[in-house]
Amino acid sequence: MIRQGLSKKVPISIALLAERCSRGLSTESRKLEEKVALITGAASGIGKATAAKFISNGAKVVIADIQHQLGQQTAKELGPNATFIACDVTKESDVSDAVDFTISKHNQLDIMYNNAGVACKTPRSIVDLNLEVFDQVMRINVRGVVAGIKHSTRVMIPRRSGCILCTASVTGLLGGLAQHTYSVSKSAIIGLVKSMAAELCEYGIRINCISPFAIPTPFVMEEMSQIYAGVDASRLLELVYSTGVLEGTHCEPNDIANAALYLASDDAKYVSGHNLVVDGGFTSFKNLKLPAPVQVL
Ligand SMILES: NC(=O)c1ccc[n+]([C@@H]2O[C@H](COP(=O)([O-])OP(=O)(O)OC[C@H]3O[C@@H](n4cnc5c(N)ncnc54)[C@H](O)[C@@H]3O)[C@@H](O)[C@H]2O)c1
């Protein structure tokens, strides 16, 4: 339903768009020429949009995702410079195999984007927290990212170069925007990027994360349709968009793909340990919401 709604607004496929953009960009303006990227959670949403953006900028991309069918479909859609490998980031051997597969296919790994993540379906209060669910979310959102960093640096350190990206979230910056478990998992990403940057700078490897605002990917829309059971997709979309503060626009996967392209390219060659917040200003301010003088007098 959601996809239908969105595809009405965007009638050409993401692959076609990637191809057209790629043809439109001169070799000089393609920012990732000759680069190889491995992106986890790239079968859909932010990861898929980033894969398309990287390809249109000259990169070869390996899509690593737990959804086999959708991952294969996405790779096909994105064309010959995309390959799919099945990978559950909670299994260290899968992450290690994805890195080795990338090296065997392309001889190098320049960009590792640890993007896979899940929402957390637990009751709101800490009193009712299910610690099994907590552990499972941490296994994907935090341990999966740590495994990605561990195995990508295994091949990047000997080359003394590389770029690592991770998807954090505005919910990791401010409390109250999501369930505790999810927020904590994303705060951990912001922290681990800083910790890893301290070591990796010695090898010329940059590591950064991106904190997106709410975007109506399957991840968010599934949660919305559970909270607002029976409410139609276009209304749910409106509700997601209504949370933003920047007038006249919405946060979209392509905004995160643009941030990832910047961080992965030489444009950000001296940026490391950074959390690039893409939220239209949401986490920068609070309004006091005082009444206007005429309302008080
Ligand atoms: N959509 C938002 O509003 C939003 C905001 C902030 C951060 N994020 C983060 O962005 C990232 C991408 O999410 P999205 O919004 O594109 O959602 P999405 O559901 O479209 O994509 C998430 C992808 O991760 C994959 N995945 C889930 N568990 C996995 C596992 N164990 N191993 C490998 N792959 C796995 C899924 O199959 C899916 O393809 C997540 O880390 C999410 O926490 C999303």
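Here, each number is a calculation from the coordinates, and none is a lab measurement. Being a predicted model, the structure only gives us computed values, none of them experimental. With ideal geometry, Cβ positions are generated from the backbone for all residues, glycine too; neighbour counts draw on all protein chains shown.
Straight-line cross-link partners of K194 among the aspartates and glutamates, defined as a Cα under 19 Å from its Cα and at least 8 positions apart when in the same chain: E202.
Footprinting exposure proxy ranking of M196, M112, fewest other C-beta atoms within 10 angstrom first, gives M196, M112.
Helix-only arithmetic for the chain: the sum of -39500 (n - 2.57) across DSSP H runs with n ≥ 4, divided by the residue total, places the mean residue ellipticity at 222 nm at -14500 deg cm²/dmol.
Within 10 Å of each residue's Cβ, count the other Cβ atoms and sort Y228, Y113, Y270, Y182 from fewest upward.
Y270, Y228, Y182, Y113
Whole-Hz Karplus values for segment 39-53 come out as 10, 8, x, 9, 5, 8, x, 4, x, 5, 4, 5, 4, 4, 5 Hz, taken residue by residue from phi with 6.51 cos²θ - 1.76 cosθ + 1.60 and θ = phi - 60°; glycine and proline positions read x. Between S56, S152, S234, the Gaussian network model of the chain with springs among Cα atoms under 10 angstrom shows the greatest mean-square fluctuation at S234.
Here, the chain yields an orientationally averaged convex hull projection of 18.3 nm² when only Cα atoms define the hull. Among the listed pairs K31/K269; K31/K60; K91/K150; K35/K60; K48/K269; K53/K76, those whose Cα-Cα separation exceeds 18 Å are K48/K269.
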